[in-house]
Structures are given as C-alpha cells and as structure tokens.
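Report on one structure; see the data block that follows.
The values are calculated or read from the model by the stated rules, or taken from the named source; none is laboratory data. It should be emphasised that the depicted structure is a prediction, and the values quoted were computed from it without experimental measurement. Every residue, glycine as well, gets a Cβ built from its backbone with ideal geometry; the counts of neighbours run over all protein chains shown.
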Amino acid sequence: MNEKLLEYYNRELAWLREMGDEFARYYPGIAGRLGMQGNDITDPYVERLLEGVAFLTSRIQLKMDAEFPRFSAQLLEALYPNYLAGLPSMAIVELQPDPTKGDLSKGFLVPRSSLMESQALKKKGISCRYRTAQDVTLQPLRLLQVELGGVSADIPFSALGGAEAQGTLRIQLSCFDNVSLGELQCDALMFYLSGGDIPALQLLELLMVHCQGVLCQIPAVLYNGYCCLLSRCVMSCLSYTN
C-alpha cells in the first residue's frame, strides 16, 4: 500500500465535504437532503458514499501524479530528443608540455582517445580512467594574463580599422625560452572559458555575438611592435563533437 494514498484520501474527502456543504447552501431545495452542515453529516449513508468516492478519486489522483514524470519524459523525447540524452562523465584537463623535451616549434600532438587516469582518485584506491575526445596540439606557449575592460591606451587606433570597439578582452601569451615567435608553426589556438556558468556564458556571448575583430599585437621590443587586425570570422565555438 502506498503511504501517500492516505494523504490523497484525506484531501479528497475534505474537498467533497467542503464543496458539498457549499452546494447545499446555494441550492437548498436540490441538495438539502444531503444533510451536510460544515463537516458534520447527519446521514451515515451519505457519509459512507462520500468516503467511497474519496477513496476512488484519491487512487485516480495518485496514479495520475505517478505517471506525470513518465508523461513529461515522453513529451520531451518527442519535442527535444537531445535534452534527456545521457552524457558520460566528462572533465576538462590542463596539459602542459615539457620545454626540455625535444623541439616544440611544430607543437606536440596528443591524439584522440589517449588514456588518462585520475591521480586524485587513484590515491583513494579508485580507478577512474578517461579518454580524450579530440586531437589536442600542445604549443610552446604560456598564458600570462587575461583582462576584460575598456579599450587600452596602448592600442593604436589606426590598427582597429574603424571598428567601434567599446571594450577589449586582452590575452597575453609568451613563448617558451627555447622557442622564438618566428619559429612557431601554429595556425589555431583553443581557449577554454572556465569559472562560473553565468560569467562564462556572458563572456561567450560577447565573443561570439558582439566581437568587432581580433587584434594581434607584438610588443615594441619585438618586430617593431607589429599589429594585425583579423576579422571576427577567425573565431568559432567548438562543441563536444568537434
């Protein structure tokens, strides 16, 4: 016996008594014989009848509420089939190449499906293994600083190409000591937006919707402070599949 049935039964019986009393007061000529005054019922047969109806309706209401999650799941599967699709356990991993191991000017490829094991769980005697979902090329670069703010004064306005920029996201990178900027053979960089969901999504919206362009700038001590303005089309948002 479901323990919730008693709760449903008491609720249905209270509703029948309340509505029956109200109906009898509004239509005394039709329903006066119900003998209902408040919660008191003078006729025992009427009381048994109401209890029987409350028992049946409580079972119906209990089954309807129990089937609601299944109905919702079937509706979502029909309208949004990917919404309820199961996702495997995932994690974001930071990989750092060893600058002393070989030539990194061409990058180091970590192929897809490379096996990785969680060291934190391994110390607790739990084996948790992951496989990488895509090819990752490690570049001899360090991420020094990321800053979101207004247009900095050290950015030459001539390099903006007339773009009406109201703010900038500055990402400062540096090469490893044994690699120079001219030796890099890199045509793409991937960045992961970490932090809370709301700030990360807001930053993603700024980059994908409101970006005016990408300005690549080299310090003045190198290549005479070279600047290059790239189109916003050079940026794209990656998904789990690519």
Query raised in the report: If residue 161 passes every condition in (1) on the phi > 0 side of the Ramachandran plot; (2) at pLDDT 85 or above; (3) not aromatic (Phe, Trp, Tyr) but one, which one does it miss?
Result: (2)
Query raised in the report: residue 189 passes all but one of (1) modelled with pLDDT under 85; (2) under 28 Å from the mean Cα position of the chain (by Cα); which number fails?
Result: (1)
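Only one of 107, 86, 102 is loosely packed, with under 13 Cβ neighbours inside 10 Å, at positive phi and not hydroxyl-bearing (Ser, Thr, Tyr). Can you tell me which? Before you say what the answer is, go through the steps one by one.
On the way: 107 fails: loosely packed, with under 13 Cβ neighbours inside 10 Å; 86 fails: at positive phi.
So the residue among 107, 86, 102 that is loosely packed, with under 13 Cβ neighbours inside 10 Å, at positive phi and not hydroxyl-bearing (Ser, Thr, Tyr) is 102.
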Query - Options 227, 233, 175: the member that is out of contact with any His (no Cβ under 8 Å at 6 or more places or on another chain) and modelled with pLDDT under 80 - result: 227
